[in-house]
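Following: one structure in C-alpha cells, then a few remarks.
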Amino acid sequence: MAASKPTRKPAARSAGSGTSDRSRDATGKRAGDARGNGDELHQSAGGAHPPLTTNQGLPLADNQNSLRATERSPTLLEDFILREKITHFDHERIPERIVHARGSAAHGYFELTKSLAPYTRAKILTEVGEKTPLFTRFSTVAGGAGSVDTPRDVRGFAVKFYTREGNWDLVGNNIPVFFIQDAMKFPDVVHSVKMEPDRGYPQAGSAHDTFWDFVSLTPETMHMIMWAMSDRTIPRSLRTIEGFGVHSFRLVNEAGDSTFVKFHWRPKLGIQSTVWDEAVKLQSADNDFHRRDLFEAIQSGNFPEWELAVQLFTQEDADGFPFDHLDATKLIPEELVPLTVVGRMVLDRWPDNFFAETEQVAFCPSHVVPGIDFSNDPLLQGRLFSYLDTQLSRLGGPNFHQIPINAPKCPFANLQRDGHMQMGVPKGRVNYEPSSLQGDTPRETPAGFRSHATPADDGAKGRIRAGSFADHYSQARMFFRSQSAPEQAHIASALVFELSKVETAHVREAVVSHLRHVDPALAQRVADGLGMDALPPAPEARVAPQDLDPSPALRIIDRMKDTLEGRCVGILVHDGSDAATIKSLRKAAESAGATVKVVAPKLGGARLADGKKLPADGQLAGTPSAVFDAVAVVLSSDAGKQLAKEAAAVDWVRDAFGHLKAIAADAGAQAVLKAGGIARDKGVVDAGDIKGFIAAAKTRQWDREPKVRLLA
Ligand code: HDE
C-alpha cells in the first residue's frame with residue numbers, strides 16, 4: 001500500500017461547517033504538518049457537523065491518510081483506525097435472501113374501516129378507525145438483490161403490521177395460488193427457477209430448461225403457470241399490483257369460534273400491467289423502474305393505497321367447494337365467496353436507510369396476533385418453520401428481532417437471553433419462569449395467544465398427499481377461460497417465448513402435453529408457435545379436468561381503471577416546439593391526475609418557439625417512451641424532419657404505438673410518426689384534441705394489438 005503522490009488541487013473551502021479549519025493556511029494546506037504535504041481536502045467538524053469518530057467514539061483528526069512510518073513507506077499495522085474502517089467495510093454485505101432478494105419497501109399505516117368482531121378478537125381487525133403502523137416490502141422472487149425490477153416473475157407482497165398485540169406479518173404474493181402443494185417441494189421449485197448451477201444463468205428469469213423440466217414433471221404447477229404466464233407477472237407499477245395471503249388462515253373470536261379467511265389487497269389505482277415488449281424495453285431503460293416509481297410517488301405525496309378485503313367461509317362452506325381450500329394451488333373465486341373490504345393501507349414514508357430497513361426487515365408467516373391462526377395447508381405449515389430459520393443466518397443470530405425495523409412497537413418481554421448481537425442489558429437474577437424471586441418478571445396472560453383447538457382428522461401417520469389435492473387442471477382451465485381474448489393471447493405468447501428458450505425438446509413437448517388438459521386450443525396455439533408438427537399425447541390425469549364456471553374477476557384488462565391518476569405522460573419536444581400546445585397538454589394531463597415529464601434531445605431542454613427555454617426531465621436516448629403511460633410529440637416542422645432521422649425519436653413513437661398507448665402529435669411531429677410507420681389510428685390524435693388525448697391516455701388501445709404484433 002504505497003502512498004501515491006497527491007495530484008488533486010487543494011480545496012480552499014471548509015464545506016458549510018461555519019468554522020473554518022484553523023490548522024490550514026489559505027490554500028487549504030495544513031499549517032505546521034511536517035509529515036506529508038496535506039494536499040487533500042480536510043473538512044472540519046463544527047456547526048451542525050459533529051466530530052467524526054471511530055466506532056469506539058475516538059474523534060478523528062485525519063480521515064484521508066493511513067498511518068505510515070515515513071512519507072513513502074508502507075502502511076503500519078498499528079493503524080487501528082484504518083483497520084476498523086476497512087474491516088467494517090469488508091463485512092457490509094450480509095447474505096441476500098435465497099428468494100425475494102430484490103425488494104423495495106415503504107412505511108405506512110393500516111386503517112380499519114369495518115369491524116370483524118364477530119369473527120376475531122384481533123384488535124387490529126376490530127377497532128374501527130384505529131391506525132396501525134406498518135412496513136411493506138415488495139419483491140421479485142428469482143433474481144438477486146441487484147437484479148432488474150421488471151422480469152417476468154411473481155411479486156412478493158409482505159406487510160408487517162406493528163399492532164398493539166404484537167407484530168402480525170401477512171407475507172403474501174401478487175398471485176393468489178402457488179406452484180406447489182407441499183413445503184417438501186419448495187427447495188426443488190426454487191432451485192429449478194434460479195440460475196442453472198453449472199452455467200450461472202439466467203438471472204431472474206424462468207425461461208430456461210431446469211424450470212420447465214420441473215414444471216413438466218409436476219402437474220400441480222399448472223394453475224400457477226397460467227398466472228405466471230399472464231400479464232400479472234409483468235406489472236406496470238408496484239402501486240398497481242394486487243396482493244394475496246394465498247393460504248387459508250383462521251380468524252378466532254372471543255368465544256373461540258373459528259372462521260376461515262383469505263386475505264386480499266386491492267390497489268386503489270386499479271390493477272395494471274405492461275405488455276411483454278414493453279417490459280423487455282423497461283429492463284434496458286431503467287433497471288430500477290419499479291423502485292424509482294414507488295420512491296417518486298411517495299416523495300411527491302401521491303401515497304400508494306390498497307384496500308384490504310377478506311373472504312370469510314366456514315368449514316361447512318368449504319365442504320361444499322369443488323376443490324380443497326387447504327391446497328395452495330387453488331383459489332376461491334370471488335363469485336363463490338365474495339370479498340368484504342375491511343380497511344385500507346397507505347404507504348406514506350420511504351425508509352430512511354435502505355439497508356437498515358428494507359434489507360434487514362424479517363417477515364415471518366408465523367407472526368400472528370391473538371385472534372388470527374393458521375390452517376392446515378401443508379405449504380403454510382412448512383413456511384412456519386422456514387422464515388425464522390433462514391433469518392437466523394441472514395441476520396446473524398437469534399436477536400434480530402431487536403433491530404428497529406423488526407422490533408414490535410408494543411411492549412414485549414420474555415426470558416430469552418444472550419446470543420449474538422444482544423442489544424439490551426437484561427437486569428436481575430431471574431431468567432426463567434416460573435419464578436418467585438423478583439417482582440417484575442413477565443408472566444402468562446389469559447388474553448394471550450392460544451392455538452385454535454382444531455379437531456384432527458382420523459387416519460394414519462405417513463408422507464401423504466390428500467386425495468382432495470389431486471385435481472391439477474380444473475382451476476388452470478378456469479383461469480385461462482376467464483381471461484379476455486388479448487389476455488389469452490398473451491398467455492399463449494408467453495408460453496411460446498419461455499418454451500422457445502428451452503433447449504430440450506422432450507421438456508417442451510411435456511409442457512405442451514399438460515396444456516392439452518388445461519385447454520386444447522391453448523395447447524394447439526403453443527404447439528403452432530413452437531413449430532411442432534403434431535400435438536404430443538396428453539399425460540394421464542388422475543382427476544379429469546372439470547369445466548368450472550369462469551370467474552371474470554380474474555381478468556386484468558377489464559379491471560384497469562379508466563383514469564390518469566398515478567400515471568405518467570411524456571412530452572417529446574425540441575427547439576422550436578409550440579409552447580402553448582405543450583402548456584395545454586400539460587395542464588389537461590395534470591388536472592386528470594397524471595405526472596408530466598418533458599423529454600428532449602438534450603437534457604438542458606429546448607428553446608421553444610416563444611423564445612423561452614423549457615428544461616427537460618429526461619434526455620431522449622435515455623428516456624424511451626416505455627417509461628410513460630401515454631405520450632405527446634410537439635415539434636416544429638424543422639425539428640420533425642430532423643428527428644425523423646433520429647432512431648431514438650422514431651423508436652419513441654413506434655414503441656408507444658406498439659405498446660398500445662395514446663399518442664398526441666402536432667403537425668411538425670407527423671414526420672416522426674411517418675418514419676415510425678404510424679398511420680392514423682384509434683388513440684393517435686392531434687395534439688390540439690386535448691379531450692381526445694386524455695380519454696385515450698386513460699386506457700390502452702387493445703384493438704390495436706393485432707396490428708402491431710403476431711401473437712400466438
Ligand atoms: Fe416464502 N420465503 N416460502 N413464500 N416468501 C421467503 O424468507 C418459503 C411462499 C414470500 O420481503 C424466505 O426471509 C417456503 C409462499 C415473500 O422479506 C424463505 C415456502 C408465499 C417473501 C421463504 C414459501 C411466499 C418470502 C426467504 C413453501 C406467498 C419475501 C427470505 C413452504 C404466500 C419477504 C426470507 C421479504 C421469503 C420460504 C412459499 C411469500 C426462504 C419454505 C406460498 C413475500 O424463508
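The values are calculated or read from the model by the stated rules, or taken from the named source; none is laboratory data. A quick note: this is a predicted structure, and the numbers were derived from the prediction, not measured. As a convention, Cβ positions derive from the backbone with ideal geometry for all residues, glycine included, and neighbour counts pool all protein chains shown. Heads up: the accessible areas ignore ligands, DNA and RNA and are worked out on the full protein's heavy atoms, side chains in. Shrake-Rupley method; radii C 1.70, N 1.55, O 1.52, S 1.80 Å.
A compact table of results
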{"quantity": "Subset of Lys131/Lys587; Lys330/Lys661; Lys613/Lys698; Lys281/Lys602; Lys123/Lys268; Lys641/Lys691 violating a 32 Å alpha-carbon distance limit", "calculated": "Lys131/Lys587; Lys330/Lys661"}
{"quantity": "Alpha-carbon spread of the range 201-333, three principal axes, descending order, Å", "calculated": "54, 46, 21"}
{"quantity": "Glu196, Glu646, Glu71, ranked by accessible area, largest first (probe 1.4 Å)", "calculated": "Glu71, Glu646, Glu196"}
{"quantity": "Gain on full stretching of the segment that runs from Ala61 to His49 - 0.36 nm per residue minus C-alpha separation", "calculated": "2.9 nm"}
{"quantity": "FRET E, pair Glu254, Gln203, Förster distance 60 Å, beta-carbon r, rounded to 0.05", "calculated": "0.75"}
{"quantity": "Å² per residue, accessible surface of the range 476-587 at 1.4 Å", "calculated": "44"}
{"quantity": "Alpha-carbon centroids, the range 407-441 and the range 171-193: separation in whole Å", "calculated": "37"}
{"quantity": "Within the chain, percent of DSSP bridges classed antiparallel, to nearest 5", "calculated": "80"}
{"quantity": "Sequence-separation-based contact order of the range 527-615, relative, with Cα cut under 8 Å and 6+ spacing, percent", "calculated": "27"}
{"quantity": "Simple Cβ-charge dipole of the range 80-402, Lys/Arg +1 and Asp/Glu -1, about Cα centre, in debye nearest 20", "calculated": "740"}
{"quantity": "Separation between Cα centres of the range 50-69 and the range 353-385, rounded to whole Å", "calculated": "42"}
{"quantity": "Accessible area, probe 1.4 Å, largest first, for residues Phe479, Phe374, Phe385, Phe303", "calculated": "Phe385, Phe303, Phe374, Phe479"}
{"quantity": "222 nm mean residue ellipticity, helices alone, for the chain (DSSP H n ≥ 4; -39,500 (n - 2.57); rounded to 500)", "calculated": "-7500 deg cm²/dmol"}
{"quantity": "Relative contact order (percent, whole number), the chain, Cα cutoff 8 Å, 6+ residue spacing", "calculated": "11"}
{"quantity": "Full-extension gain in nm, Met421 to Asp686, via 0.36 nm per residue minus C-alpha separation", "calculated": "89.0 nm"}
{"quantity": "Fraction of antiparallel bridges per DSSP, the range 564-708 only, in percent to nearest 5", "calculated": "10"}
{"quantity": "Packing rank of 252-259, 647-654, where each peptide gets the mean count of other beta carbons within 10 Å, highest leading", "calculated": "647-654, 252-259"}
{"quantity": "Total formal charge among the other residues, if their Cβ is under 10 angstrom from that of Ser258, Lys/Arg +1 and Asp/Glu -1", "calculated": "-1"}
{"quantity": "Carbon/sulfur fraction of accessible area - the chain, other protein chains in place, 1.4 Å, %", "calculated": "53"}
{"quantity": "Relative packing of peptides 622-631, 330-339, 418-427 - highest average C-beta neighbours within 10 Å first", "calculated": "622-631, 330-339, 418-427"}
{"quantity": "Cα→Cβ-extended label distance, 7 Å offset, between Asp389 and Leu603, nm", "calculated": "4.9"}
{"quantity": "Asp348 - accessible surface, heavy atoms, 1.4 Å probe, Å² rounded to 10", "calculated": "60"}
{"quantity": "Neighbour net charge for Pro615 - beta-carbon separation under 12 angstrom, K R +1, D E -1", "calculated": "+4"}
{"quantity": "Residue-count net charge about Pro202 - beta-carbon cut-off 14 Å; Lys, Arg +1, Asp, Glu -1", "calculated": "-2"}
{"quantity": "Förster radius 45 Å - calculated FRET efficiency between Arg349 and Glu78, Cβ distance, rounded to 0.05", "calculated": "0.50"}
{"quantity": "Listed residues Lys707, Lys281 arranged by accessible area, highest first, probe 1.4 Å", "calculated": "Lys707, Lys281"}
{"quantity": "The range 474-557: relative contact order in percent, alpha carbon pairs under 8 Å with at least 6 residues between", "calculated": "48"}
{"quantity": "Label zone at His452 (point 7 Å along Cα-to-Cβ), backbone N below 12 Å, the range 377-397", "calculated": "377"}
